[in-house]
Number of protein chains: 2
Amino acid sequence: MSGTGNAEAGERVMLAHGGGGRAMREIIEREILPRFDNDALRPLSDAASLGYIEGRILMTTDAFVVKPPFFPGGDIGRLAICGTVNDLAVSGSRPVALTLSLIVEEGFPLAELRRVLDGAKAAASEAGVPLAAGDFKVVERGAADGVYASTAGIGAAPRGVEFDARLIRPGDAIILTGTMGDHGVALLSVREGLAFETPVASDVAPLNGMLFPLCDQALCVRCMRDPTRGGVAAALNEMAEAAGVTVVVEESAVPVARAVRWACEMLGLDPFHSANEGKALVFCAPDTADDVLRLLRSHPLGRNAARIGTAVTRREAPVIIRTAAGGERILDVPLGEELPRIC
Amino acid sequence: MSGTGNAEAGERVMLAHGGGGRAMREIIEREILPRFDNDALRPLSDAASLGYIEGRILMTTDAFVVKPPFFPGGDIGRLAICGTVNDLAVSGSRPVALTLSLIVEEGFPLAELRRVLDGAKAAASEAGVPLAAGDFKVVERGAADGVYASTAGIGAAPRGVEFDARLIRPGDAIILTGTMGDHGVALLSVREGLAFETPVASDVAPLNGMLFPLCDQALCVRCMRDPTRGGVAAALNEMAEAAGVTVVVEESAVPVARAVRWACEMLGLDPFHSANEGKALVFCAPDTADDVLRLLRSHPLGRNAARIGTAVTRREAPVIIRTAAGGERILDVPLGEELPRIC
């Protein structure tokens, strides 16, 4: 039988697996279809049919080059799916379909490719979103670092729901759906070989189940953002800049896991700059903040949700931290070179 | 001014450009937005709003690792946009929006990144499709080979148009919209350093303008396919297998550029196995074949369109070539390792 054994233990990805011929069909039929089977993907057409979609359509894409591809709490497959699901969820939409493109280095163990696909599959199942299309390319040894992934997704927003940072007004409440900085610290710890009593795991998770109930106009949510690369600092700065307000954050109100806080001190890292992959920032009208918090805390991923600050009339900087000691400091955007390949 | 000079000649992509911080915003604001500006992209939200879309929605994705990234007739940016536009077009849909994710090696010259973006921009303009979202990641020197691209796209198919290879019936006509094998030969020639009197240029082009008029139910088009990786051979085999028919191709009727034919002989390559990036195979009812041909030839990209064969009741193989000499040979699918990184 042609190709028998390609899927056996110890086998590795070959250039032919990405060539568009028989070897590629084998990978698709053995590894992709059984995991992700759904009506849109099954025909393996040039483009997957999603049928007629109601609502305003949103679209997003992300590339993932996370190093290492397997880390405490997740892997590049899970990360890729969650990243795109979360971009759609914080935009006020229900994710409808995802795509996944992999670029794999020749010689990458098939067993590890399967772990990546398993991670993607589990995340897509948790999110309840079908993988409608994919692609698979192989480059020579040394022309990639294991595996890279790109995802795209489309979502449908209910009529009337249009989150926009420009809707933020002075007085609005700022809610963070859980502890800050876990993903960045998990990655950095494993890279630096740090050992903690309680190891820090990435928070990577699909947020659509928790966030979609907030797409209810009565809750007066202005906008949401998932603070990934650049952390809470970058997300708050962007939102404050877009809204023309200043965001004042009460440092003592921001949930940070003890191990993350400790690791950040050791690594000289500001947890506000550390990436998150399963958290959202929610800006809402002050009088609905309690309802938003209650909804978030009723979901397993939101049980540590906290109101961390307030939008005020523009001051000397977009984001100001009020420290536990009562002082104030400006929270700047990281330049971007501290943590390459964090996602 | 912070960061001044990053965009100057001689500058190179740095890890920080992909980090999600200030350096990345500079790249986006200087290089991405001015080129691709449109209503969906401009807000740089987590997900781009495409509004309400009529019709059946189709979605597709592709990864591009073409080597070298610049080749006669195109570049990886043009290729990425056209590949996704064409997948949507052969599926009977009008492309509505595209996404582009780049993975760039640290040290890649900014001038070359600009050429890639220019190529993508020109192709998107030719296709008339907005780039709605993008991402940009940088990996260390040696962790990629210059630049890789992933695109995704969604299209809208008119009600009633559902191309499907399973609709092909014995007697159906098979039309190729132009010369075969140009892209594969262009790539291989530049890699092997072959010099021709007339250099072979890739055919990479967006086909939606030529193909959308065929989405008219009166033309009885059964299905279309763009014969990329694996060439016309792979595409015909897949379609014949899906339909349960045999495809008989008249070799003398298949348009092949003289330089491509000559290069294939030198390289020991079958032009049927050579990739195309600006061609489509169209299966239609025999009595509408002339109308389809006329429509195709009225478009600049279709002036060499030709009827190359006929579907017949299943015979001993899915694809059979009738040679100029009157013999027959089976046209098989390439295994896939002959031409890595052709797209």
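The values are calculated or read from the model by the stated rules, or taken from the named source; none is laboratory data. Only a predicted model underlies this, so the values are computations on that prediction, with no experimental measurement involved. Reconstructed Cβ throughout: ideal geometry from the backbone, glycine too, with neighbour counts over all protein chains shown.
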* To do: For the range A:104-111, indicate whether the set of residues that are closer than 22 Å to A:SER189 by Cβ, touching a Lys or Arg at 6+ places or on another chain (Cβ under 7 Å) and at pLDDT 95 or above is non-empty.
  => no
* Among residues belonging to the range B:224-247 that are crowded, with 21+ Cβ neighbours inside 10 Å and at positive phi, point out the one that is farthest from the other protein chains (Cβ to nearest Cβ). => B:GLY231
* To do: Could you please find all residues in the range B:296-343 being under 26 Å from B:CYS82 (Cα atoms), surrounded by fewer than 19 Cβ atoms within 10 Å (Cβ to Cβ) and either hydrophobic (A, V, I, L, M, F, W, C) or out of contact with any helix residue (DSSP H, G or I) (no Cβ under 9 Å at 6 or more places or on another chain) (or both)?
  => B:ARG297, B:LEU335
* Here are B:PHE108, B:PHE36, B:PHE64: which of them is surrounded by fewer than 24 Cβ atoms within 10 Å (Cβ to Cβ), within 14 Å of B:THR151 (Cβ to Cβ) and in the same structural domain as B:GLY134 (by TED's automatic domain parsing)? -> B:PHE36
* For the range B:96-115, name all the residues that are under 21 Å from B:ALA48 (Cβ atoms) and in contact with a Pro (Cβ under 8 Å, 6 or more places away or on another chain). => B:ALA97, B:LEU98
* Asked: Can you spot a residue in the range A:226-244 that is under 27 Å from A:PHE64 (Cα atoms), assigned to a loop (DSSP other than H, G, I, E, B), in contact (Cβ under 8 Å) with a residue 12 or more places away in the chain and touching a Cys at 6+ places or on another chain (Cβ under 8 Å)?
  -> yes
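Let's see how each residue does on (1) assigned by TED's automatic domain parsing to the domain that holds B:PRO170; (2) at pLDDT 95 or above; (3) among the hydroxyl-bearing types (Ser, Thr, Tyr):
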| position | (1), (2), (3) |
| --- | --- |
| B:THR198 | yes, no, yes |
| B:SER202 | yes, yes, yes |
| B:ASN208 | yes, yes, no |
| B:ARG222 | yes, yes, no |
| B:ALA234 | yes, no, no |
| B:GLU238 | yes, no, no |
| B:VAL292 | yes, yes, no |
| B:PRO300 | yes, yes, no |
* Structure fact -> Within the range A:274-295, restricting to residues that are part of a loop (DSSP other than H, G, I, E, B) and among the aliphatic types (A, V, I, L, M), the one that is surrounded by the fewest Cβ atoms within 10 Å (Cβ to Cβ) is A:ALA285
* To do: Identify all residues within the range B:75-117 that are under 20 Å from A:GLY19 (Cβ atoms) and in contact with a Cys (Cβ under 8 Å, 6 or more places away or on another chain); write none if there are none.
  => B:LEU79, B:GLY83
* Asked: Quick one: A:THR313 ticks every box in (1) away from chain B (no Cβ under 14 Å); (2) β-branched (Val, Ile, Thr); (3) within 27 Å of B:MET24 (Cα to Cα) bar one, so which box is it?
  -> (3)
* Asked: Out of all the residues in the range B:36-54, which are among the aromatic types (Phe, Trp, Tyr) and in contact (Cβ under 8 Å) with a residue 40 or more places away in the chain?
  -> B:PHE36
* Yes or no: A:ALA259 under 25 Å from A:ILE330 (Cβ atoms) and either more than 14 Å from every other protein chain (Cβ to nearest Cβ) or part of a helix (DSSP H, G or I) (or both)? -> no
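Please work out if B:LEU44 is among the aliphatic types (A, V, I, L, M), on the phi < 0 side of the Ramachandran plot and within 12 Å of chain A (Cβ to nearest Cβ).
Details: among the aliphatic types (A, V, I, L, M): yes; on the phi < 0 side of the Ramachandran plot: no; within 12 Å of chain A (Cβ to nearest Cβ): yes.
No; evaluated as a whole, the condition is false for this residue.
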* To do: State yes or no: is A:GLY193 free of Cβ contacts under 8 Å to residues at least 60 places away in the same chain, over 15 Å from the mean Cα position of the chain (by Cα) and either farther than 28 Å from B:THR84 by Cβ or surrounded by fewer than 18 Cβ atoms within 10 Å (Cβ to Cβ) (or both)?
  => yes
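So is A:PHE64 away from chain B (no Cβ under 12 Å), in contact (Cβ under 8 Å) with a residue 60 or more places away in the chain and either in contact with a Ser or Thr (Cβ under 9 Å, 6 or more places away or on another chain) or closer than 16 Å to B:THR61 by Cβ (or both) or not?
no
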* Asked: Since B:VAL245 meets every condition but one in (1) of a type in the set (A, V, I, L, M); (2) in contact with a strand residue (DSSP E or B) (Cβ under 7 Å, 6 or more places away or on another chain); (3) at pLDDT below 95, which condition does it not meet?
  -> (3)
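Answer with yes or no whether A:LEU100 is at the interface with chain B (Cβ under 10 Å from one of its Cβ atoms) and of a type in the set (A, V, I, L, M, F, W, C). Explain how you work it out, then say what you get.
Numbers: at the interface with chain B (Cβ under 10 Å from one of its Cβ atoms): yes; of a type in the set (A, V, I, L, M, F, W, C): yes.
Against the criterion (at the interface with chain B (Cβ under 10 Å from one of its Cβ atoms) and of a type in the set (A, V, I, L, M, F, W, C)), A:LEU100 qualifies.
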* Mind checking which residues of the range B:147-165 are surrounded by 15 or more Cβ atoms within 10 Å (Cβ to Cβ), more than 9 Å from chain A (Cβ to nearest Cβ) and over 18 Å from A:ASP62 (Cα atoms)? -> B:ALA156, B:PRO158, B:VAL161
